[in-house]
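*Asks:* Next up is a structure, given as structure tokens.
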Amino acid sequence: MRTSVKIILAVSYIVLSLLFISCEDMMGNFLEKPPGVDVTEDTIFATQNNVETFIMGIYKDGMYTDMPEWNDRNGKRDAAFGCYCDEAENVASWYSSQRYNTASITPQNNGDAGRWTYRWKAIRSINTLLDRIDDVPDASDEYKKQAKGQALFIRGLCYFEMFKRYGGVPIVDKRFSFDDPESLKIGRATLEETVDFIVKDAVEAAKLLPDKWPLNHTGKATKGAALMLKSRTLLYAASDLSNTATPPLALQGHNELISYGNYDVNRWKLAADAAKEVIDWAPNGEVRLIDDRGEDKNYQYVWSVADNEEVIMSSKLTGSVGFGTNVFKSLNNFYFTQSGTMITQNFVEKYEKKDGTPQYWDPNGGNNLAQIYKDLDPRFGQSIGYNGAYWNKDFPVLTLWEGAVPSNQPPLLDLKTGYWVRKYVPEELNLSTNAFAIWTLYRLAEAYLNYAEALNEFHGRPVKEAYDAVNLIRGRSGMPDFPSDLSQEEFREKIRNERSIELFFEEHRLWDVMRWRIAEEDGVMQGGMKGIKIYKLPDPSSEFRWEPYVFEERFWKASMYRIPFPQSEVDKGYIIQNSGW
């Protein structure tokens, strides 16, 4: 990226951060004015400049990242969602992911309470903006249109995040009247009504938003982001968790709140069409698959370079980080969070060999670890820190074997699984240099994978367009095409595995596992989680012995497919709690 572009991006991060701060000062709690500051709703909607600050506050409350952040807005979540499933493990036992791993979440502590509150803050602000934006005297019609589009997108995003967790939720599409307390008691909409509401907001937002913003507005919602929201929503709606008459755990007399109540294959057609709409839109937004950086670099470029051409929308909530910050927490261990985030052997075994065949991992271990790593899908080395891998200029070789003298890297502490997270830790982040913590909400590769999955399910077999879509993603990383004679079931398993690899640690795996209803399968969200112990063989061998072992037994219960509403909401008397809570 050119230096001038980097400067502009850095300035945009700073400006957005200042806007967030000033918006909090202006808005206080919801729309209440802070003590000693005479700010009213009329003040906010008196000028376009004030409205723009207000919109930045909506982004702050309604957007999110999967970067662990110990703050109320992020629900004080200290672990990435990859640690909630078979992607990863937190070393420390007291982190939020362990409540999922031990099946011990409760309505009082479901890991999402903070986000629940902030989503509703954002929705309240959005409904206020939609009601008042036309009153702004110095705002052009074009500005008002784009403001409405951004608001509708973020409202839809907030509802999608609740839909994938809870099923049907209360729909609030207008301002409350505080003169009528009964109007505040809104019960849950059905799952179908909730999905339709999200799609309606996404469709309307797409009509109002530009294909691309000027560079100094990078991070705002575009038409492509709205189309991706629609695509992801319809994919989830068509999947096994929702598109069924038999949910995992019935909700007595109210199954319509957690499922459609029937299976309809045409829901997959809607999902396929929505994904294709994103793919067809991409040239207008100057969005494309990154395929010109080399098979060994294309994938890493996608996650390590801010706002590259594959990104449809990214969050600007985190900004630049370095050692000792809330994301890359420790100077001593380079772990993704303070607790230590490590990739499970269960997940590593999903990587195919470069020739597209499965990699055999002997259950008794072996003396060929370096060769195994060399043979794996190039995305393995671009995603995961493994023994012998390059880390950065300060620590060029990771020595993760037992008894290694950490002369060229930080102390290992408790290396539970044998792997570190490479993704989201850019090589330029070192002892003397900070780097941007980049969180991508949507990128084009997801649309291709959504398209391939939905086509296979709709047609009952993998059609040519499904093969073409997934093979584009694989080909840019040097991986061969899928075999051309797969059955629907075989293609389904391979596309699910492909999503796991391509979308690794982008907050997809946990929710994919949920929507596919495979959480209870051994080694997914229950059963033995594996790591490996690594031993260096005597010189002059350059090989390493590896021995698998189970570091943790995880547990699962069917009620977790729909997490519990906060008990404080249920106690108000108008929310029906999900099953099993």
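*Asks:* Would you call residue 481 farther than 19 Å from residue 513 by Cα, assigned to a helix (DSSP H, G or I) and of a type in the set (D, E, K, R)?
*Replies:* No.
*Asks:* Got a sec? Which of 424, 419, 360, 442 is at pLDDT 95 or above, over 30 Å from residue 269 (Cα atoms) and of a type in the set (Ser, Thr, Tyr)?
*Replies:* Result: 360 is the single residue among 424, 419, 360, 442 that is at pLDDT 95 or above, over 30 Å from residue 269 (Cα atoms) and of a type in the set (Ser, Thr, Tyr).
*Asks:* Let me ask something else about it. Among the residues of the range 455-468, write down those that are free of Cβ contacts under 8 Å to residues at least 24 places away in the same chain and either assigned to a loop (DSSP other than H, G, I, E, B) or within 21 Å of residue 440 (Cβ to Cβ) (or both).
*Replies:* Passing the criteria: only 463.
*Asks:* Let me ask something additional. Pairs only if they're at least six apart or on different chains, beta carbon under 8 angstrom, first in the range 159-188 and touching a residue at least 40 places away in the same chain (Cβ under 8 Å), second surrounded by fewer than 14 Cβ atoms within 10 Å (Cβ to Cβ) and among the acidic types (Asp, Glu); list them, first residue then second.
*Replies:* 174/131; 175/131
*Asks:* A further question on this structure: State yes or no: is residue 513 within 24 Å of the chain's Cα centre (by Cα), modelled with pLDDT of 95 or more, under 24 Å from residue 559 (Cα atoms) and part of a helix (DSSP H, G or I)?
*Replies:* Yes; evaluated as a whole, the condition is true for this residue.
*Asks:* Restricting to the range 543-570, name every residue that is modelled with pLDDT of 95 or more, more than 22 Å from residue 518 (Cβ to Cβ) and among the charged types (D, E, K, R).
*Replies:* Result: 543, 545, 547.
*Asks:* Restricting to the range 78-123, what's the tally of residues that are farther than 25 Å from residue 520 by Cβ and part of a helix (DSSP H, G or I)?
*Replies:* Residues flagged as farther than 25 Å from residue 520 by Cβ and part of a helix (DSSP H, G or I) within the range 78-123 amount to 11.
*Asks:* Mind checking which pairs have a first residue in the range 257-284 that is on the phi > 0 side of the Ramachandran plot and a second that is assigned to a helix (DSSP H, G or I), Cβ under 8 Å, 6 or more apart or different chains?
*Replies:* 261/255
*Asks:* Okay, next question. Within 23 Å of the chain's Cα centre (by Cα) and in a helix (DSSP H, G or I), is that true of residue 241?
*Replies:* For residue 241, the condition - within 23 Å of the chain's Cα centre (by Cα) and in a helix (DSSP H, G or I) - is not met.
*Asks:* Would you check if there is a residue in the range 257-280 being more than 16 Å from residue 240 (Cβ to Cβ), at pLDDT 95 or above, in a loop (DSSP other than H, G, I, E, B) and among the basic types (Lys, Arg)?
*Replies:* No, there is no match, as no residue in the range 257-280 is more than 16 Å from residue 240 (Cβ to Cβ), at pLDDT 95 or above, in a loop (DSSP other than H, G, I, E, B) and among the basic types (Lys, Arg).
*Asks:* I would also like to ask the following. Return only the number of the condition from (1) of a type outside the set (Gly, Ala, Ser); (2) surrounded by 21 or more Cβ atoms within 10 Å (Cβ to Cβ); (3) at pLDDT 95 or above that residue 341 does not satisfy.
*Replies:* Looking at each condition in turn, residue 341 falls short on (3).
*Asks:* Any chance you could count how many residues in the range 308-338 are modelled with pLDDT of 90 or more and either under 15 Å from residue 427 (Cβ atoms) or not hydrophobic (A, V, I, L, M, F, W, C) (or both)?
*Replies:* The number of residues fulfilling the criteria is 4.
*Asks:* Now for a separate question. Output the residue which, of all residues in the range 525-581 that are in a loop (DSSP other than H, G, I, E, B) and hydroxyl-bearing (Ser, Thr, Tyr), is farthest from residue 107 (Cα to Cα). Break it down into steps so the answer makes sense when it comes.
*Replies:* Quick first cut of the range 525-581, residues in a loop (DSSP other than H, G, I, E, B) only: 525, 537-543, 555-557, 562-566, 571-581.
Adding the requirement that they be hydroxyl-bearing (Ser, Thr, Tyr) leaves 541-542, 574, 579.
Details: 541: 54, 542: 52, 574: 15, 579: 11 Å.
Ranking the qualifying residues of the range 525-581, first place goes to 541.
*Asks:* Going by what's in this entry, would residue 540 be described as surrounded by fewer than 17 Cβ atoms within 10 Å (Cβ to Cβ) and either at pLDDT below 95 or β-branched (Val, Ile, Thr) (or both)?
*Replies:* It is true that residue 540 is surrounded by fewer than 17 Cβ atoms within 10 Å (Cβ to Cβ) and either at pLDDT below 95 or β-branched (Val, Ile, Thr) (or both).
*Asks:* Could you run through the range 121-160 and say how many residues are closer than 30 Å to residue 564 by Cα, surrounded by 19 or more Cβ atoms within 10 Å (Cβ to Cβ) and not aliphatic (A, V, I, L, M)?
*Replies:* Residues flagged as closer than 30 Å to residue 564 by Cα, surrounded by 19 or more Cβ atoms within 10 Å (Cβ to Cβ) and not aliphatic (A, V, I, L, M) within the range 121-160 amount to 10.
*Asks:* Is there any pair with a first residue in the range 223-240 that is farther than 14 Å from residue 159 by Cα and a second that is among the charged types (D, E, K, R) and outside any helix (DSSP H, G or I) whose Cβ atoms are under 6 Å apart and which are 6 or more apart or on different chains, and what are they?
*Replies:* Within 6 Å, the pairs are 223/211; 240/517.
*Asks:* Give just the number: which of (1) surrounded by fewer than 19 Cβ atoms within 10 Å (Cβ to Cβ); (2) more than 24 Å from residue 354 (Cβ to Cβ); (3) not aromatic (Phe, Trp, Tyr) does residue 480 not satisfy?
*Replies:* So residue 480 meets the others, but not (2).
*Asks:* Moving to a separate point now. Against the definition (modelled with pLDDT of 95 or more and touching a Gly at 6+ places or on another chain (Cβ under 9 Å)), how does residue 461 come out, yes or no?
*Replies:* Against the criterion (modelled with pLDDT of 95 or more and touching a Gly at 6+ places or on another chain (Cβ under 9 Å)), residue 461 does not qualify.
*Asks:* Still on this structure, I have one more. Hey, residue 271 hits all of (1) surrounded by 17 or more Cβ atoms within 10 Å (Cβ to Cβ); (2) more than 30 Å from residue 557 (Cα to Cα) but one; which does it fall short on?
*Replies:* Every condition holds for residue 271 apart from (2).
The values are calculated or read from the model by the stated rules, or taken from the named source; none is laboratory data. The model shown is predicted, which means the values in this text are computed figures rather than measured ones. So basically every Cβ, Gly included, is an ideal-geometry build from the backbone, and we count neighbours across all protein chains shown.
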